[in-house]
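Here the structure comes first, spelled out in structure tokens, and everything after it is commentary.
Every number here is computed from the coordinates shown, using simple stated rules; none is lab data. Everything numeric here is computed off the predicted structure, so don't read it as measured data. Cβ: placed from backbone, ideal geometry, glycine included. Neighbour counts: every protein chain shown.
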Amino acid sequence: MVTHLFWMRNDLRIHDNYALNAACRNADARVLVLFIATPAQWKAHAMSPRQAAFIFSSLQDVQRSLAEKGIPLHSVECDDFTASIDVLKSFCQQHQVRRMFYNYQYEVNERDRDAAAERELSDIDVVSQGFDDSLLLPPGSVLTGNRDMYKVFTPFSRTFVKRLHAGLPECVSAPAARAGAPLRDMPVLTPFNYPFESVDENLFPSGEAAALARLRHFCQRTVTDYTENRDIPAVDGTSRLSVYLATGVLSPRQCLHRLLTEHPQALDGGREFVWLNELIWREFYRHLLVAYPSLCRYQPFIAWTRGVRWQNNPAHFTAWQQGKTGYPIVDAAMCQLNKLGWMHNRLRMIVASFLVKDLLIDWREGERYFMSQLVDGDLASNNGGWQWAASTGTDAAPYFRIFNPTTQGERFDRQGEFIRTWLPALKEVPDEWIHQPHSWAEKNHVTLDYPAPIVDHKEARRQTLDAYEAARK
Ligand code: FAD
């Protein structure tokens, strides 16, 4: 009997998994699944303990689902990518694997590792096959008329939609039960040797069934008002599916098909298209990583921005991390991040802008801190978001467009509902003063247990413009 191996990575699901489906196509083959944890690599990239915990519980869930189908999932731990190739090779030798199936990862180190793995396996006569699985359309397939990668999102999105009109990517089914299913004994899964921090199970229940249920609920109920609600952090108006997409518990094809089942007009400019467009942002940033691998090395896309002289004041950085800047919307957002490991998109833009443009701290410091906290941390989207906010990326905010944290708060949390949820010290401050609580406190001779603004926005804005203009000369 021939043995097939599915090398599972950030595709922790059994439904609509291209490589798993291909590994199981031959009904006579014995199919094994291997997950290799690489804590040293995760540490180097500041993966958050919450994401590690989420991956581990998703792995337990997927192991149970695979066992029902008669497929054993093994998990092995080693330090880094180099060691993972040795683990893979000896696993193949030990189990007489003939074919290895995997889904591509697009970050540069992962691509190098996979190329090396294919070479090593080929030396022992194992044939490898990779799949474009984590995207709706593969990198390099959405190009300008000159066959270049788009540098601006809107035309990328337009061409992307045209491609979807020409043919939707198909979802594939979960493997059928194999001979011997269900498995009686499952291989032991030992928690990774990595710090774990628990994830709020109400917000982010682990497992495929929970992810699919949330997707269905969102597409049936919430998505219709997404346009109105998506910028209001006090409203639960977005899908909160990012963690499932980042870890591959859910595929973007499942999102697309569920959306179109509920709202067939979404692809033709229906109001639900706005949500699909966010999934296309996710694609855009991944396609960019492949076209410009230096992004994986944290290089700015706009070369002259390398010359910006950051102030990198450690006390300011700590105040930002801890939500003690004296700007309520920024501080409430950072408390949400620190507590939940997730932050609303509008707030990610506000706090990123504040760190870079009000505190003149290198965007890479913020990017790394986000990774260390986010349960949905994802190199492509995080790097894209930070480079957008720092005006260093493709189609980024122009450097002279600087968010005013007070007016951002007034626009998107008018009555301070979100702020009061996260900053109890401001509970008594009236709505009209919630974005400038110290002015209210001074007027009313009240002492607030809340820090004064650490910088003056107007002055900080001027310094930032000077720093960017000096770099551009
Ligand atoms: P929804 O609004 O429901 O959107 C649906 C899905 O589309 C999301 O789950 C996500 O996969 C994708 N998406 C939405 N907005 C964006 C966007 N701007 N860029 C790329 N994909 C998007 N997203 C991550 O998944 N991981 C990150 O590490 C990450 N870091 C970010 C850092 C900064 C500075 C900024 C500005 C944005 C970042 N984002 C990141 C994008 C975005 O904030 C989150 O995807 C979104 O808030 C997740 O919430 P949701 O699932 O409810 O999104």
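Working out 0.36 nm times the residue gap between ALA166 and ALA27, then minus their Cα-Cα distance, what length gain in nm do you get to one decimal?
On the way: separation 139, 0.36 × 139 = 50.04 nm, distance 3.23 nm.
Value of the extension gain: 46.8 nm.
How large is log10 I(q)/I(0) at q = 0.17 Å⁻¹ when the Debye formula is applied to the Cα atoms of region 303-472, each weighted equally and without solvent?
Here the Debye-derived log intensity ratios amount to -1.01.
At 7 Å along Cα-to-Cβ for each site, give me the label-to-label distance between ASN313 and LYS339 in nm.
2.8
State the extension gain, in nm to one decimal, for the chain segment bounded by ASP200 and MET1, taking 0.36 nm per residue of separation less the distance between their alpha-carbons.
Length gained between ASP200 and MET1: 67.2 nm.
Rounded to the nearest 0.05, what FRET efficiency do ASN229 and LYS324 give with R0 = 22 Å and r taken as the Cβ-Cβ distance? Could you check? Mind dumping the intermediate values first?
Details: r = 29 Å, r/R0 = 1.32.
So the FRET efficiency works out to roughly 0.15.
Under 15 Å from a label point 7 Å along Cα→Cβ of LEU143: give me every residue in region 153-180 with its amide N that close.
Hits in region 153-180 for LEU143 at 15 Å: 160.
Could you state the per residue volume, in Å³, of the convex hull enclosing the Cα atoms of the chain?
Taking the convex hull of the Cα positions in the chain, it is 151 Å³ per residue.
How big is D, in µm² s⁻¹, for region 252-317 by Stokes-Einstein at 10 °C and 1.306 mPa s if Rh is the Kirkwood radius over C-alpha pairs?
Answer from the Stokes-Einstein relation: 105 µm²/s.
Could you tell me the distance between the Cα centroids of region 242-261 and region 169-202, to the nearest Å?
So the two Cα centres are separated by 18 Å.
About its Cα centre, how strong a charge dipole does the chain have in debye, to the nearest 20, once Lys and Arg get +1 and Asp and Glu get -1 at the Cβ?
For this selection, approximately 700 debye.
For region 135-210, what value does the Rg/Rh ratio take when both radii are computed over Cα atoms and Rh is the Kirkwood radius, given to two decimals?
Ratio value, two decimals: 1.17.
Hey, quick one: spin label on THR261, modelled 7 Å out along Cα-Cβ, who in region 181-209 has an amide N within reach, i.e. under 16 Å?
Only 208-209 fall inside the zone, counting backbone N under 16 Å.
Taking Rh as the Kirkwood radius computed over C-alpha pairs, what is the Stokes-Einstein D of region 3-131 at 20 °C in a medium of viscosity 1.002 mPa s, expressed in µm² per second?
Rounded to a whole number, D works out at 144 µm²/s.
Applying 1/(1 + (r/R0)^6) with R0 = 25 Å to the Cβ-Cβ distance of ALA177 and HIS95, what FRET efficiency is obtained, to the nearest 0.05? Working shown, then result.
Details: r = 21 Å, r/R0 = 0.82.
Plugging the Cβ-Cβ distance into 1/(1 + (r/R0)^6) gives 0.75.
Which links in LYS324/LYS458; LYS43/LYS151; LYS339/LYS443; LYS151/LYS473; LYS151/LYS458 stretch past 29 Å when you go from one Cα to the other?
Distance filter (> 29 Å) returns LYS43/LYS151; LYS339/LYS443; LYS151/LYS458.
Can you give the FRET efficiency to the nearest 0.05 for ARG119 and ALA425, using r as the Cβ-Cβ distance and R₀ = 60 Å? Provide the component values of the computation, followed by the final result.
Numbers: r = 58 Å, r/R0 = 0.97.
For ARG119 and ALA425, the calculated efficiency is 0.55.
Between region 351-403 and region 1-27, what is the separation of their alpha carbon centroids in Å?
Between the Cα centres of region 351-403 and region 1-27 lies a distance of 36 Å.
Using each residue's phi in region 174-184, evaluate 6.51 cos²θ - 1.76 cosθ + 1.60 at θ = phi - 60° and report the 3J(HN,Hα) Karplus result to the nearest Hz, with x for Gly and Pro.
Once θ is set to phi - 60°, the couplings for region 174-184 become 5, x, 6, 5, 9, 4, x, 6, x, 5, 7 Hz.
Could you tell me the center-to-center distance, by alpha carbons, between region 328-342 and region 275-312 in angstrom?
Distance between centres, Cα-based: 24 Å.
Between HIS445 and MET186, what is the label-to-label distance in nm when each label sits 7 Å out along the Cα-to-Cβ direction?
So the label points at HIS445 and MET186 sit 6.6 nm apart.
Given the Cα-Cα distance of ARG411 and ARG462 and 0.36 nm per residue of separation, how much length would full extension add, in nm?
Extending this stretch completely gives an extra 16.1 nm.
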